[in-house]
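One structure is given here, and the rest of the page talks about it.
Here, each number is a calculation from the coordinates, and none is a lab measurement. What you see is a predicted model; the values in this text were computed from it and never measured. Reconstructed Cβ throughout: ideal geometry from the backbone, glycine too, with neighbour counts over all protein chains shown.
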Amino acid sequence: MRAVFLGLSLAAGLAGSLTGQASAEQRPAPPAGHTVFTSVYDLSPLPTFSGTVAQYLPDPYGGISGLLLTDGTEILFAPDIGSAVSGLAKPGSRITGRGLKARSAPVIRAFSLTGSGRSVEDDGFQRSLPGLDQTPGPDISVQSVVAHPLYDLHGSVTGVILKDQTVVHIRSEDISRLSDWLRPGQVIHVAGTGHSSALGVALNAREIGPEGGKSVQITPEGSVPPGPAAGSPGYDVILGNLSK
């Protein structure tokens, strides 16, 4: 009797599992008008914007953190919603949204985006990015005309966008001293590790120079600057533990 009861229980559990699996497999794709991420905040008081997408603004690790519109405006958002944005906004498509415009830079910090009948909202909280590889990618070398400065969420220049749509990330410490080379219209050649995909090409500049000129070596964005050489007086010094 006990064996019969256990058999019936297992059969019922298996049937329930298969029913749940079938329901999941038959679940329809999100319809038009579906919001991928929904903010806990009411975003309706924020100013609206609209425009046509010229290109994605990818990062050197395979994600995207913004869109460039055809009028030169950069629409920036948290990188954790980048994959959702790439599904509703494509080069040549029209988008609308809500966000805050920078005081002087051509930048809008977007908190909601709508395109292709779908929407995504960003509540400002950083989500985890499982599976995102932050290791340096392969070497990429390009030469093209500087088209636009590249901005970050703080409105600071953090690189350049080239005419061939390559996105070049440069440390802020090097932006000012290389400013003559980084003006729109200048031809530069640049090399560094990055990522190339259907979303675009982006790299962390390690070497940069003007057309026909000598390149200079710079520290890639996000890299830890090299410390004192082995055997030098400062080699064994641990910052924060200096005796007074």
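Side notes on the structure shown:
- Cα shape, the range 48-121, gyration tensor, a/c 1.5 rule: rounded
- Here Ser196 and Ser104 are evaluated by their C-beta separation; at R0 = 45 Å the FRET efficiency comes out at 0.90.
- Counted by Cβ distance under 12 Å from Val85, the other residues give a net charge of -1, where Lys and Arg count +1 and Asp and Glu count -1.
- For the range 139-217, the gyration tensor built on C-alpha atoms gives a rounded shape. Its axis ratio a/c (a ≥ b ≥ c) stays under 1.5.
- Placing a pseudo-label 7 Å from each Cα along the Cα-to-Cβ vector at Ser86 and Asp164 gives an inter-label distance of 2.1 nm.
- Under a 5 Å amide H cut-off, with hydrogens placed 1.01 Å from N, Leu57 pairs with Ser65, Gly66, Leu67, Leu68 among residues at least 5 apart or on other chains.
- Listed peptides 167-178, 96-107, 38-49 by packing density, highest first (mean Cβ within 10 Å): 167-178, 96-107, 38-49
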